[in-house]
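Worksheet: one structure, shown below.
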Amino acid sequence: MNKRNLVLSCATLSLIAITACVEQPTERYVTSCAFPADATTAQKVRMAAHVVPSKRQLDWQKMEYTCFICYGINTFTDREWGTGKEDPKLFDPSALDTDQWAKTAKDAGMKMILLTCKHHDGFCLWPSKETDFSVAASPWKGGKGDLVKDVAESCKKQGLKFAVYLSPWDMNHPDYGTEKYNDVFVNQLTELLTQYGTVDEVWFDGACGEGPNGKKQVYDFERYYSVIRKLQPNAVIAVMGPDVRWVGTESGYGRDTEWSVIPASAANLKQIANTSQQESGTGTFLPEGDKMAKDLGSSALLEKANGVMWYPSEVDVSIRPGWYYHAAQDTLVKTPQKLIDIYYSSIGKNSLLLLNLPPDKRGLIHENDVHSLMEMERILDKTFETNFFNTPQTNIASDVAVSDLTDETLVTYWSGTDNSNELAFTLANEATVDRLMIQENITEGQRIESFVFEYWNGSSWVEAAKGTTVGFKRLLRFAPVTSNRFRIVVLESRDTPQISEFGIFKASKEE
Ligand code: FUL
């Protein structure tokens, strides 16, 4: 391995206040750093290559695929955004079964459920002491129900992680728009983080509007964060938070070039709020591509930056046109093929996929949604069943074993050298392939800027596919090629490239 002696010695730093990094003679990694005032672009790029995820960010990233459940008073009023003036008696599911939700998520391959414990209307799915506008005032279970508890328990049974969405915007609470509401919000957060076991993610929506008194709230985010860090230190804080970044669109399609290390200024909260999902007063979707700057972390942007942080992307999208269930959309559930396209365009582009499955008025995930989801999983299982690289006979022209690159761990990897950034191998038999999977060892930073995948046609190397960033995972689709010799060439890298996992596959015809 090409060891260089750069060290970025910074303490783990808060979101906005970041201190300077100093180069020192051993290798260490940090989750964020400020650039020295006189740093050259080349130095900044090298420093960015040594910024790594925190443990909680890495655990989160490894889940890849998670489930969003948007459920609440809107389900019963057939709306996307409520008003805060609804009659809580409307919340009356006839056959609610959170085990069906968790089993569906588990069977689909998802690793966590994120529940809308309170949406913008303010209706709470648990009997919060801070309001009467909750399940306690509904006929469901005679007002004795606690949906947050039910979901947390169903997750536990299925071995899924559990996460809470708590809308800072509250259209119902009389204190909203005053400093007192920050206490209310902290108390609600405390209820959620102390009564239901481990919480792995807290999701704060960017939507923010007026409350019942016509005032907008000034949120005390720093206070909310410290409550979360204290009560659930392993939970990531997403979207309006420092650990996980909203990709910038609700279409399901991430960027071709997705850096998890981005200039710290782009993570500034005010900026997140300005570029968040807030202006659609009716709750309709933002147009595809909106807020999707093509480039968040390129060298050209680093040149102007004062510092960088690890801030990975999450792609949130609904299986239906809306976030909430509407019977009129039963025929508009995304097809398995559309979901597969989203899979390649989110998980396959260095992002985590948060797919929304909104339960219906019965309190069940609708049959059409379950069907699409299970088909998606079945077809993808077929595609990724045979990794043609993974045979004992595969001969790699580098100092690495096939098992190192197929053991599903990041810390065993192929590493480039000063002389070569090429991973070439020969298979015992010819294979026809049209899918490529690469994972970078992000525990030592995201480094690869561009690469090409080639096959040997008997007389020369021919390009099959090429890509830019890799990060935690990159999947490429390309026209089928047949050969027994292939190679990956890393064309540009911020430091020695390290590939942890590798695969080549032939797609199922059903994709
Ligand atoms: C958006 C909200 O307006 C939607 O209602 C939903 O909660 C979605 C996840 O985020 O900003």
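The values are calculated or read from the model by the stated rules, or taken from the named source; none is laboratory data. These figures come from a predicted structure and were not determined experimentally. In this analysis, Cβ positions are derived from the backbone assuming ideal geometry, glycine residues included, and neighbour counts consider all displayed protein chains. All accessible areas refer to the heavy atoms of the entire protein, side chains included, with ligands and DNA or RNA removed. Shrake-Rupley method; radii C 1.70, N 1.55, O 1.52, S 1.80 Å.
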Solvent-accessible surface (1.4 angstrom probe) belonging to W323, in square angstrom, nearest 10: 30
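Would you please put 483-489, 237-243 in order of how densely packed they are, using the mean number of other Cβ atoms within 10 angstrom per residue and starting with the highest?
Listed from highest to lowest mean packing, they are 237-243, 483-489.
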At R0 = 22 Å, FRET efficiency that the Cβ-Cβ distance of E303 and Y29 yields, to 0.05: 0.50
Calculated [θ] (222 nm, deg cm²/dmol) that DSSP helices of n ≥ 4 give over the chain, each run adding -39,500 (n - 2.57): -6500 deg cm²/dmol
Between the range 348-413 and the range 120-135, the alpha-carbon center distance in angstrom: 37
The range 395-505, relative contact order [Cα under 8 Å, separation at least 6], %: 39
Label zone at R362 (point 7 Å along Cα-to-Cβ), backbone N below 11 Å, the range 92-108: 94-97
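Only bridges whose two residues both fall in the chain count here: according to DSSP, what percent of them are antiparallel, nearest 5?
Details: 44 of 77 bridges.
Among the beta bridges of the chain, antiparallel pairing accounts for roughly 55 percent.
Highest mean first, what order results for 213-226, 465-478 on Cβ atoms within 10 Å?
On the way: 213-226: 14.5, 465-478: 20.5.
Answer by packing, highest mean first, reads 465-478, 213-226.
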Distance in nm between pseudo-label sites at A37 and T83 (7 Å out along the Cβ direction from Cα): 5.7
Gain on full stretching of the segment that runs from V411 to Q393 - 0.36 nm per residue minus C-alpha separation: 4.2 nm
22 Å Cα-Cα threshold exceeded, pairs from K55/K230; K85/K334; K161/K361; K180/K216; K382/K466; K161/K509: K85/K334; K161/K361; K382/K466; K161/K509
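Once you sort the root eigenvalues of the Cα gyration tensor of the chain as a ≥ b ≥ c, which label holds: rounded (a/c under 1.5), prolate (a/b larger than b/c) or oblate (the other case)? Don't jump to the answer; show the numbers that get you there.
Values: a/c = 2.29, a/b = 1.45, b/c = 1.58.
Taking the square roots of the gyration eigenvalues as a ≥ b ≥ c, the chain is oblate.
Over the chain, what is the relative contact order in percent, taking alpha-carbon pairs closer than 8 angstrom and at least six residues apart?
Relative CO of the chain lands at 16 percent.
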Inter-label distance for K509 and E463, nm, one decimal - labels placed 7 Å from Cα along Cα-to-Cβ: 3.1
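How much accessible area per residue does the chain have, counting only protein heavy atoms and a probe of 1.4 Å, in square angstrom? Kindly include the intermediate steps, with their values, before the conclusion.
Working: 19660 Å² over 511 residues.
Here the residues of the chain average 38 Å² of exposed surface.
Report the extension gain between K129 and S226 in nm, rounded to one decimal, defined as 0.36 nm multiplied by the number of residues separating them, less their alpha carbon distance.
Once the chain is fully extended between K129 and S226, it gains 32.8 nm.
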With every protein chain in place, the range 395-505: carbon and sulfur % of accessible area (1.4 Å): 42
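Give the calculated FRET efficiency between T482 and T178 to the nearest 0.05, with a Förster radius of 51 Å applied to their Cβ-Cβ distance. Display every interim value, and only then the final one.
Working: r = 68 Å, r/R0 = 1.34.
According to the calculation, E is roughly 0.15.
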Cα centroid separation, the range 36-57 to the range 192-255 (Å): 26
Rounded, prolate or oblate (a/c below 1.5 giving rounded, otherwise prolate when a/b exceeds b/c) for the range 282-399 by Cα gyration tensor: oblate
N234-T443 FRET efficiency (beta carbon distance; Förster radius 25 Å; 0.05 resolution): 0.90
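Arrange the peptides 249-260, 446-457 so that the one whose residues have, on average, the most other Cβ atoms within 10 Å appears first.
Values: 249-260: 22.0, 446-457: 20.4.
Those peptides, ordered most packed to least, come out 249-260, 446-457.
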Estimated distance in nm for a label pair at Q337 and Q158, the labels positioned 7 Å out from Cα along Cα-to-Cβ: 2.8
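For a test of the definition: using alpha carbon positions, the gyration tensor, and the 1.5 limit on a/c, classify the range 328-394 as rounded, prolate or oblate. Write out the running numbers ahead of the final one.
Values: a/c = 3.06, a/b = 2.29, b/c = 1.33.
Prolate is the answer for the range 328-394, as a/c is 1.5 or above and a/b outweighs b/c.
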